[in-house]
4 protein chains.
Amino acid sequence: MTKDQPIRLGMVGGGKDAFIGAVHRISARMDGEYELVAGALSSTPQKSRESGEALGLSQDRIYDDYKAMAIREARLKQGIDAVSIVTPNHMHAGVAREFLKRGIHVICDKPLTSTLPDARKLVKAAESSKALFILTHNYTGYPMVRQAREMIAAGDLGDIRVVQVEYPQDWLTEAEENQDNKQAEWRTDPARSGVGGCVGDIGTHAFNLVSFVTGLETESLSADLQSFVPGRRLDDNVHVMLRFKGGARGMLWTSQVAPGNENALKFRVYGSKGGLEWAQEDPNYLWYTPFGQPKRLLTRAGNGASASFAHLTRIPGGHPEGYLEAFANIYTEAARAIRARKAGQPVPEDVHFPSVVDGLKGVQFIDACVRSSKRNAAWVGL
Amino acid sequence: MTKDQPIRLGMVGGGKDAFIGAVHRISARMDGEYELVAGALSSTPQKSRESGEALGLSQDRIYDDYKAMAIREARLKQGIDAVSIVTPNHMHAGVAREFLKRGIHVICDKPLTSTLPDARKLVKAAESSKALFILTHNYTGYPMVRQAREMIAAGDLGDIRVVQVEYPQDWLTEAEENQDNKQAEWRTDPARSGVGGCVGDIGTHAFNLVSFVTGLETESLSADLQSFVPGRRLDDNVHVMLRFKGGARGMLWTSQVAPGNENALKFRVYGSKGGLEWAQEDPNYLWYTPFGQPKRLLTRAGNGASASFAHLTRIPGGHPEGYLEAFANIYTEAARAIRARKAGQPVPEDVHFPSVVDGLKGVQFIDACVRSSKRNAAWVGL
Amino acid sequence: MTKDQPIRLGMVGGGKDAFIGAVHRISARMDGEYELVAGALSSTPQKSRESGEALGLSQDRIYDDYKAMAIREARLKQGIDAVSIVTPNHMHAGVAREFLKRGIHVICDKPLTSTLPDARKLVKAAESSKALFILTHNYTGYPMVRQAREMIAAGDLGDIRVVQVEYPQDWLTEAEENQDNKQAEWRTDPARSGVGGCVGDIGTHAFNLVSFVTGLETESLSADLQSFVPGRRLDDNVHVMLRFKGGARGMLWTSQVAPGNENALKFRVYGSKGGLEWAQEDPNYLWYTPFGQPKRLLTRAGNGASASFAHLTRIPGGHPEGYLEAFANIYTEAARAIRARKAGQPVPEDVHFPSVVDGLKGVQFIDACVRSSKRNAAWVGL
Amino acid sequence: MTKDQPIRLGMVGGGKDAFIGAVHRISARMDGEYELVAGALSSTPQKSRESGEALGLSQDRIYDDYKAMAIREARLKQGIDAVSIVTPNHMHAGVAREFLKRGIHVICDKPLTSTLPDARKLVKAAESSKALFILTHNYTGYPMVRQAREMIAAGDLGDIRVVQVEYPQDWLTEAEENQDNKQAEWRTDPARSGVGGCVGDIGTHAFNLVSFVTGLETESLSADLQSFVPGRRLDDNVHVMLRFKGGARGMLWTSQVAPGNENALKFRVYGSKGGLEWAQEDPNYLWYTPFGQPKRLLTRAGNGASASFAHLTRIPGGHPEGYLEAFANIYTEAARAIRARKAGQPVPEDVHFPSVVDGLKGVQFIDACVRSSKRNAAWVGL
């Protein structure tokens, strides 16, 4: 990899039929910063091979096994610089450690792990590695999310008082996991997803997002989890009250049984001087109300948009960007960090990507929600 | 009062500068069902007199004192048939009892009373009176709210699982009560408002609304109340988790410190077969999603509107009705009930207005929220 | 009528089943400024009588004939001060003249007349009468419409360049006039509506609205009218290009065959310094973009609302007002003018209601559209 | 190029600072179907070289001159399969012919050419070439636009009656072309843009879009063009009335001086059985009203989405796609066609991309608008 050459990327998981693998590949490709050159794309060797061929990988860089891939790629002169991990949650920790210990940068899907002990081990592995660890909490990649964070940090809202975040979906309203839907199967299976269902799959996104945007630390929470669909083994609806350090209060609702909601992640933040609202399904808009003044519609790359994020947007205002562009921003920010490392320089200050510690906090959040709910929604510290 | 003559109406409270008194008068007048003929419009005699004259009342029917009014009007041949009570909360009970015991129908603003004992006494008074007691939880008067209720009762949503209701405002973001704003003063004064601030002023509307729409009984709740504005004596932000009989769960958020929200009462109800959404600021719309199908926009008096509520709407679809029309619907439904009583007939089955028992439930809700919050958001039964 | 007594009102037309009659009555009643005391509510004597009785009129003030009503009421000591004319269009002129010449103020529905000669005669009659003539172009009564007008007059948009106005409906998508729908029958009948169908029924509202809001005079227009529904005798879709004095250009579209549109009157005005958008179905909002800045949401009685129109709004921001309140504003403004006349004072400067001359311009607009369309959309001066 | 290898792509124009060049490159890269290997990226040799190096092209495939590039690449064993032309409009024809005559597929930005004679010549060149010609009217690449087209073709709207299309922007509200803004300079320069300003730059998109969606042929039009900004040499606001073959009527408005509009392309189509609405800034939604039923919100990849376009969407409903994904769809469809050609097969029937003939129609539209406007908006045939 020279300055302008693409970063050589490997992938673990993400074979045929895996929605999120394709998303990672498009995101890596979007800005020309990465080239996919190796993969252990499935735990089933034949599927891994077929998937690798379909993606145009060289035969000798299609692996049956992620460990073999880590070992060999680390030795190759032109081996991968970074690996994307897009397996089910319970495998993240084991896979990541194999690459981290060999100095290969890791870009890992969320949640960090399926158990808290695994998460703690992974934090240690990442901290003792010279490689970077990037968690793809992709919603933090939206420019208007970045702008909300910047405005709050700059005090535009005054002291933050109230945080309302929600992330409802509806695709698990019926027992989809019994209908041969692989996406539903592993997400509702404690062995593969951990103790959290909806709370882990998407609740952790909501939690990460408001932590990122507000900069607030959650002190404690009170959670009420439900499994509404008969036979479902993990939660599918989650109500949480939040108490933040410094006195702000919040609510988090996430559900996968709310008909009429596709992917309706939304936050609203209110302070002593103003309020902000953002909705993922209409991500080019940020609503800002300075207290006592009319509500203003800030648009990505349009009037009211912060110049700080010009490098995270590709086209003028009114030309909508979406989920893939935001996801690509995580990859592209990661590329800046990886290139800086390679050049022996510190990661630039304006690079923000979710870290392994953010990942640990996410797993702690899941764990705290589950523990609180078992204790009748008692307050649980984080 | 003959069949087509207006109902003779008195009013207690609602003098100059009182927002809600004017709303009641317009609502009473809207459909020509009432004529305001008497009033004890202020506890300050001169203000009462001036207000009465400005409204065109006869001199002899402007009273300094509500009790004097109740006594005299009950004796007059053409005395008032009904009285509207629009005083601060703590006076509701005392005033209402004077009229109820004399057989004068009472139309009373919410919340029912400022204390739970007062509420219980008032229920008894109402139950032992031959007069009707109507509580103006006006949001139940919107046609699309009625339609939501009808659809849920008909099973269009299947089993109800999740209820999200919120009622944020922003007008108390700063210490308005210290700025000579009378509306803010009494609403933040425990002596006049009772133990609840925001939770009593508007939280009780939200609670009443979802109870009305879903038909669900709240089993228990966990509430976290805050006063964010320095020096404020009552809550100004309220987070509540709700458990309903039968297993449904819910969340209620209400706030008066959320910049960018004027009067943003909104509910969303999700069941095993579909979802509904309604927002008070855009009240002519009801969003309905049958699970697995596109979201549909049902409009007041338009396509998808139920014929059941044709008598609660005055103009065709696309000609927006608003808050006053919904408020008037409470009055006009009350008129049908009052006329039925007068004629010795039962109240028609399709007449729905919030009752004294609904009012008691509202006060119990306020009380439960305050008690729960004092006990660190412990679950409290209702 | 003393200072605070209601204005005595009569009505011509508006019997049973007439939508617009009820709208006028509610509007007159809304603010307590009028009392309906007399009526010639139908050209069918029995229907007139039944309608009058249902409205609680005294027997001796229910008339079979509007001329008889004008004559007798003018002689009565407590005769009507004003009359509302809500007949089909072709009768407006004849009815109005009978009242005007007897000094009874006229509040008349739009369009002014069904023919241009009639309109001219009526202007003369109004100008030579000491009574006022108020045309209920009710959409000008919305507070946010008033605010748009004020902002444009104040130069907030700079020089006006482009005016886009549209008024689509869908209720005549099929041949409703053959389905025993009286509203559809007279609106599609040249004998009762004049030369314009959709252009007269609603296009004239759109034209009046943008003339009112922008203050621009239309110099010439090019119109293309269509009757899409087989057998329909008048236009049901209208495309117009507009040239205004001073160089601004505009487009007007109105249709009654556009499925998905209930009553979707909307205007957008663009100038060298900013833009404004308003939609009748969501009338509490006005969108304002100062060029180069974020779009702002101005709300009725909320932040950004002009104080000039506080008297035309009854409730706080977030409590939606609608069509009836806007219509009532016309009546209430008219009442201020009528009371001023009665007191021998000039009409207050801040009273705005559509005049007989505005009505003439509306009829000229209809006429010009029809003439232009017949000449293959040639430019026609107004 | 073997079956799964990327198509080798060259680019003419699109050097540094050229917005649309970057858009084409991202679009080509999005689905991994193309690899950029050669370029004549600027008419300034040094800029071309710097731009090529920044994009990682080999030194020997960075050209100073597009003709040299065409000649050499056509001879190379691994020369380019296709070329993207992203120069100013007046160069399209000359550049395209050089590649077409050498059998290199052309992907060309719109409008096709800056003059009608050029357009006609280019059609001949394309028709006599064995290479494909793809015009990037990118808005036709949105899945919901495809769905609208499919629904209309299937008769879901019945007979089309009314077509309303608009494309307002605001970035030329002031004389940006005098502020050293290169994008504004060439777009307002007749030498580089041709006879149309706004009408050519974006009006042609609007025209192409409704032609594509409705399948209607425009019979004649009446246009009124304006240049509102002092000193501007081409139109900046355009009003057009449209008459379609078969009797439908339409309106087209496009403007670059409408403050508050970023890139607000929108169409509405109404027929005897229903209506459709789509807005480019919120492209994942398509509003469908079957006459007499509630409006329905169809969402990309969600409920109500047609299965026909699953291959043109990458992520589930609720995960918004945007402008770049739609643009990429044009490239990816083109890739299918190019691969089919390479394999000696016909272009698959379900591949749709704007053709050179569509491009000619666009130039005819511009020409007709300009001619009509010069003749006082006379009707001009197409």
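Here residue B:69 passes the criteria (1) of a type in the set (A, V, I, L, M); (2) under 26 Å from residue B:115 (Cα atoms); (3) surrounded by fewer than 19 Cβ atoms within 10 Å (Cβ to Cβ) except the one numbered (3). Determine whether segment A:321-342 contains at least one residue that is surrounded by fewer than 24 Cβ atoms within 10 Å (Cβ to Cβ) and either in the same structural domain as residue A:230 (by TED's automatic domain parsing) or assigned to a loop (DSSP other than H, G, I, E, B) (or both). Within segment A:321-342, not a single residue is surrounded by fewer than 24 Cβ atoms within 10 Å (Cβ to Cβ) and either in the same structural domain as residue A:230 (by TED's automatic domain parsing) or assigned to a loop (DSSP other than H, G, I, E, B) (or both).
Residues that are small (Gly, Ala, Ser), within 23 Å of residue D:203 (Cβ to Cβ) and out of contact with any helix residue (DSSP H, G or I) (no Cβ under 8 Å at 6 or more places or on another chain): does segment D:356-370 have at least one?
From segment D:356-370, those small (Gly, Ala, Ser) are D:359, D:362, D:368; that's our starting set.
From what is left, the residues that are within 23 Å of residue D:203 (Cβ to Cβ) are D:359, D:362, D:368.
Next, from what is left, pick out any that are out of contact with any helix residue (DSSP H, G or I) (no Cβ under 8 Å at 6 or more places or on another chain): D:368.
The answer is yes, given that some residue of segment D:356-370 is small (Gly, Ala, Ser), within 23 Å of residue D:203 (Cβ to Cβ) and out of contact with any helix residue (DSSP H, G or I) (no Cβ under 8 Å at 6 or more places or on another chain).
Could we say that residue B:271 is within 14 Å of chain C (Cβ to nearest Cβ), over 24 Å from the mean Cα position of the chain (by Cα) and either surrounded by fewer than 24 Cβ atoms within 10 Å (Cβ to Cβ) or closer than 17 Å to residue B:149 by Cα (or both) here?
Values: within 14 Å of chain C (Cβ to nearest Cβ): no; over 24 Å from the mean Cα position of the chain (by Cα): yes; either surrounded by fewer than 24 Cβ atoms within 10 Å (Cβ to Cβ) or closer than 17 Å to residue B:149 by Cα (or both): yes.
When the stated conditions are applied, residue B:271 does not pass them.
Among the helices (runs of 4 or more DSSP H) confined to segment A:1-76, the ones with at least 2 residues that are β-branched (Val, Ile, Thr) are located at A:19-30. Scoring residue C:79 on the criteria (1) closer than 30 Å to residue B:312 by Cα; (2) part of a loop (DSSP other than H, G, I, E, B) leaves a single failure, condition (1).
Is segment A:361-379 home to any residue that is of a type outside the set (Ser, Thr, Tyr), in contact (Cβ under 8 Å) with a residue 12 or more places away in the chain, in a loop (DSSP other than H, G, I, E, B) and out of contact with any strand residue (DSSP E or B) (no Cβ under 6 Å at 6 or more places or on another chain)? Yes, because at least one residue in segment A:361-379 is of a type outside the set (Ser, Thr, Tyr), in contact (Cβ under 8 Å) with a residue 12 or more places away in the chain, in a loop (DSSP other than H, G, I, E, B) and out of contact with any strand residue (DSSP E or B) (no Cβ under 6 Å at 6 or more places or on another chain).
Can you tell me which residues in segment C:133-151 are within 13 Å of the chain's Cα centre (by Cα) and either among the acidic types (Asp, Glu) or farther than 15 Å from residue C:286 by Cβ (or both)? Within segment C:133-151, C:133, C:134, C:135, C:136, C:137, C:138 qualify. On the basis of being within 7 Å of another protein chain (Cβ to nearest Cβ) and touching a residue at least 12 places away in the same chain (Cβ under 8 Å), does residue C:262 make the cut? Criteria met by residue C:262. Contact map, segment B:117-131: residues that are over 13 Å from residue B:357 (Cα atoms) paired with residues that are surrounded by fewer than 20 Cβ atoms within 10 Å (Cβ to Cβ) and of a type in the set (D, E, K, R), Cβ distance under 7 Å, separation 6+ or inter-chain. Pairs shown: B:129/B:101.
Take residue D:292 and decide whether it is part of a loop (DSSP other than H, G, I, E, B), surrounded by fewer than 24 Cβ atoms within 10 Å (Cβ to Cβ), away from chain A (no Cβ under 14 Å) and in contact (Cβ under 8 Å) with a residue 40 or more places away in the chain.
Numbers: part of a loop (DSSP other than H, G, I, E, B): yes; surrounded by fewer than 24 Cβ atoms within 10 Å (Cβ to Cβ): yes; away from chain A (no Cβ under 14 Å): yes; in contact (Cβ under 8 Å) with a residue 40 or more places away in the chain: no.
For residue D:292, the condition - part of a loop (DSSP other than H, G, I, E, B), surrounded by fewer than 24 Cβ atoms within 10 Å (Cβ to Cβ), away from chain A (no Cβ under 14 Å) and in contact (Cβ under 8 Å) with a residue 40 or more places away in the chain - is not met.
Listed conditions (1) touching a Ser or Thr at 6+ places or on another chain (Cβ under 8 Å); (2) surrounded by fewer than 22 Cβ atoms within 10 Å (Cβ to Cβ); (3) away from chain D (no Cβ under 14 Å) are all met by residue C:304, apart from (1). Name the single residue that is farthest from the other protein chains (Cβ to nearest Cβ) among those in segment A:55-84 being without any contact (Cβ under 8 Å) to a residue 60 or more places away in the chain and among the β-branched types (Val, Ile, Thr). Among residues in segment A:55-84 that are without any contact (Cβ under 8 Å) to a residue 60 or more places away in the chain and among the β-branched types (Val, Ile, Thr), the one farthest from the other protein chains (Cβ to nearest Cβ) is A:71. Of A:282, A:358, all but one fail to be modelled with pLDDT of 95 or more and either away from chain D (no Cβ under 14 Å) or in contact with a strand residue (DSSP E or B) (Cβ under 8 Å, 6 or more places away or on another chain) (or both); the exception is A:358. Considering only residues of segment D:12-34 that are modelled with pLDDT of 95 or more and more than 19 Å from residue D:141 (Cα to Cα), which is nearest to the other protein chains (Cβ to nearest Cβ)? Looking at residues that are modelled with pLDDT of 95 or more and more than 19 Å from residue D:141 (Cα to Cα), I get D:13.
Applying the selection to segment B:324-377, what residues are among the hydroxyl-bearing types (Ser, Thr, Tyr) and farther than 21 Å from residue B:283 by Cβ? Full working, then the answer.
So the first thing to find is which residues in segment B:324-377 are among the hydroxyl-bearing types (Ser, Thr, Tyr), and the list is B:331-332, B:355, B:372-373.
Selection gives B:355, B:372, B:373.
The single condition among (1) part of a helix (DSSP H, G or I); (2) touching a Leu at 6+ places or on another chain (Cβ under 9 Å) that residue D:113 does not satisfy is (1).
Is at least one residue of segment C:86-97 in a strand (DSSP E or B) and touching a Leu at 6+ places or on another chain (Cβ under 6 Å)? No, segment C:86-97 contains no residue that is in a strand (DSSP E or B) and touching a Leu at 6+ places or on another chain (Cβ under 6 Å). Being away from chain B (no Cβ under 12 Å), more than 21 Å from residue C:163 (Cα to Cα), of a type in the set (Val, Ile, Thr) and out of contact with any strand residue (DSSP E or B) (no Cβ under 6 Å at 6 or more places or on another chain): is that true of residue C:338 here? No. With respect to the conditions (1) surrounded by 24 or more Cβ atoms within 10 Å (Cβ to Cβ); (2) within 14 Å of chain A (Cβ to nearest Cβ); (3) aliphatic (A, V, I, L, M), residue B:152 lacks only one, and its number is (1).
Give C:113, C:136, C:87, C:140 a once-over and let me know the one that is touching a Lys or Arg at 6+ places or on another chain (Cβ under 7 Å), surrounded by 22 or more Cβ atoms within 10 Å (Cβ to Cβ) and in contact (Cβ under 8 Å) with a residue 60 or more places away in the chain.
Values: C:113 fails: touching a Lys or Arg at 6+ places or on another chain (Cβ under 7 Å); C:87 fails: touching a Lys or Arg at 6+ places or on another chain (Cβ under 7 Å); C:140 fails: touching a Lys or Arg at 6+ places or on another chain (Cβ under 7 Å).
Matching residue, one of C:113, C:136, C:87, C:140: C:136.
The values are calculated or read from the model by the stated rules, or taken from the named source; none is laboratory data. Bear in mind that the values here come from a model prediction, so they are computed numbers and not experimental data. No Cβ is skipped: glycine too gets one built from the backbone with ideal geometry, and neighbour counts run over all protein chains shown.
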